[in-house]
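Chemist: There's a structure below that I have some questions on.
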Amino acid sequence: MRNNKKEDFVDMKEVLKNFKTENNLQKGFDKVDVNKAWEQVMGPGISNYTTHVKFDNGTLLVSLSSSVLRQELLYGRSKIVENLNEHLGKELIQKIILR
């Protein structure tokens, strides 16, 4: 006879979180999440002009193929940081450098 106890089950989300932490993988996952967030939050119009996205130590470096778009985005940097962090669910991005 099988003894099914709820206490025997472990939340898979917790297992994955512990695995990422114990194996120092969180930074890599954060980089992937930030890249995806840029595409989703900024939309296809801006993503089409994005040539490179790099995230490291709280700084998001974004290369754009349009100088006009870059200039426009410079005015809204703080709002972009706010929207990206909100989308990510945590304060990962401290500043954005647009090139």
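Chemist: Criterion first (under 14 Å from the mean Cα position of the chain (by Cα), modelled with pLDDT of 95 or more and under 17 Å from Arg99 (Cα atoms)) does Leu74 satisfy it?
Modeler: Considered against the rule, which asks whether it is under 14 Å from the mean Cα position of the chain (by Cα), modelled with pLDDT of 95 or more and under 17 Å from Arg99 (Cα atoms), Leu74 comes out as no.
Chemist: Would you please list the contacts, defined by Cβ atoms under 6 Å and residues six or more apart or on different chains, that run from a residue in region 23-46 that is under 12 Å from His87 (Cα atoms) to a residue that is of a type in the set (Gly, Ala, Ser)?
Modeler: Cβ pairs passing all conditions: Glu39/Ser47.
Chemist: Mind checking whether some residue in region 56-70 is of a type in the set (Lys, Arg), farther than 17 Å from Lys27 by Cα and without any contact (Cβ under 8 Å) to a residue 12 or more places away in the chain?
Modeler: no
Chemist: With the structure loaded, tell me whether Val34 is in contact with a Lys or Arg (Cβ under 8 Å, 6 or more places away or on another chain), under 18 Å from Ile97 (Cα atoms) and among the β-branched types (Val, Ile, Thr) or whether it fails that test.
Modeler: no
Chemist: Anything in region 40-71 that is more than 16 Å from the chain's Cα centre (by Cα) and of a type in the set (D, E, K, R)? List them, or say none.
Modeler: Across region 40-71, the qualifying residue is only Arg70.
Chemist: Just for region 1-50: of the residues that are modelled with pLDDT of 95 or more and assigned to a loop (DSSP other than H, G, I, E, B), which one is surrounded by the fewest Cβ atoms within 10 Å (Cβ to Cβ)?
Modeler: Here the answer is Asn48.
The values are calculated or read from the model by the stated rules, or taken from the named source; none is laboratory data. The shown structure was predicted, so the numbers you read here are calculated from the model rather than taken from an experiment. Cβ atoms come from the backbone with ideal geometry, glycine included; neighbour counts cover every protein chain shown.
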